[in-house]
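What follows is a set of notes on a single structure, which appears directly below.
Quick note: the coordinates plus some simple rules give every number you see, no bench work behind them. Worth saying up front: this structure is predicted, and the values here are computed from it rather than measured. With ideal geometry, Cβ positions are generated from the backbone for all residues, glycine too; neighbour counts draw on all protein chains shown.
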Amino acid sequence: MHVISLCATTGRHSLLERSVKMFIDQDFDGEHTLLIYNNSTVEQELAPLTLPANKHLILINQFVDLQTKQPYSSLGQIYNDILIYIPDDCNLVSFWDDDDIFLPNHISEGVKGYIKGNKKAYKPLKSYYRSPEAVVLVQNTMEPSIFVQKTYIVNYGFSLVTTEQHLQWLHPLIENKEIFVDPDGVPTLIYDWGNTGFLTYKTSGDMHNPLNFSNCRANSKDHGDRIISPWQENQMNSIYNLI
């Protein structure tokens, strides 16, 4: 099993560095890759890292649609282009949103659930939701909690309507009962709406605004030093101790 985690990111340098550290901290014994798709006009590079043999980082800098050759105008365009860069030997996809929190057992528990369910996709019934006030368990359809076959994602692709990009593959998955939602599944995602100290524009918070995509880019201007250096161990203590 080779798991590919897709991270579409723009102008969130500090959060991205936190997110890379979360990937490095994953306890999964199998092959797993984080594909960082930086769709900002400001390029980034990876700091030199020595990783275990089963962990891989891929960074793509690309701000124009590969089909239209024009700057991206929707999240769906970005995700459809990401599919081109997934290595052939990857067979299970997860979504690694840079503003959410993934506990160290996220991938390992995702693979366990996928194998247990024996369907095209898996998710635990509940995940954590972090507000500025508390962290609570909620039933959800949060895409970052889902593990889904690569062939299925490639077949359906993504909607070009921002905030609906995942619905193009998610709706038929649910309608055809091809997703195993495990009531006993271990919650490993913290859907983070309590980013104290980070100015994070969330497209899902303004779903029906036709300017949603451009507003997101206008409010995502953290480019840092343009070198992606993972957070240090001591910086993660307050994150992993949220629950």
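Mind listing the long-range amide H neighbours of W231? Cut-off is under 5 Å, sequence gap 5 or more, other chains count too, H placed in the peptide plane at 1.01 Å from N.
R18, K21
Give me R12, R226, R18 ranked fewest to most by other Cβ atoms within 10 Å of their Cβ, as a rough exposure proxy.
Listed from fewest to most nearby Cβ atoms, that is R226, R18, R12.
Rounded, prolate or oblate: pick one for the chain, where a ≥ b ≥ c are the square roots of the eigenvalues of its C-alpha gyration tensor, a/c under 1.5 means rounded, and failing that, prolate if a/b is larger than b/c, else oblate.
Rounded.
So what J values fall out for the stretch 139-148 if you push phi through Karplus, 6.51 cos²θ - 1.76 cosθ + 1.60 with θ = phi - 60°, rounded to Hz, Gly and Pro as x?
Rounded to whole hertz, the list is 6, 7, 10, 5, 4, x, 8, 9, 10, 9.
Give me, ordered by chain and number, the residues 5 or more places off S5 or on other chains with an amide H under 5 Å from its own placed amide H.
Sorted by chain and number, the residues that satisfy this are T33, L34, L35, S94.
With θ set to phi - 60° and the Karplus curve 6.51 cos²θ - 1.76 cosθ + 1.60, what are the ³J(HN,Hα) couplings of the stretch 182-189 in order, to the nearest whole Hz, using x for Gly and Pro?
Karplus-based 3J(HN,Hα) across the stretch 182-189 equals 8, x, 9, x, 6, x, 10, 9 Hz.
Among the listed pairs K69/K120; K21/K120; K55/K112, give every one whose C-alpha distance is greater than 22 Å.
Among K69/K120; K21/K120; K55/K112, the Cα-Cα distance tops 22 Å for K69/K120; K21/K120.
Summing -39500 (n - 2.57) over the DSSP H runs of n ≥ 4 in the chain and dividing by its residue number, what mean residue ellipticity at 222 nm do you reach, to the nearest 500 deg cm²/dmol?
Rounded to the nearest 500, it is -7500 deg cm²/dmol.
Full extension from T141 to K116: what is 0.36 nm times the residue separation minus their Cα-Cα distance, to one decimal in nm?
7.1 nm
Beyond 22 Å, how much of the Cα-Cα pair distribution for the stretch 66-135 remains, as a whole percent?
44 percent
Assigning unit charges at the beta carbon (Lys, Arg +1; Asp, Glu -1) and nothing else, what dipole magnitude in debye, to the nearest 20, does the stretch 5-150 show about its Cα centre?
500 debye
Treat each spin label as a single point 7 Å out from the Cα along the C-beta direction, and report the E175 to V64 distance in nm.
Calculated label separation equals 3.6 nm.
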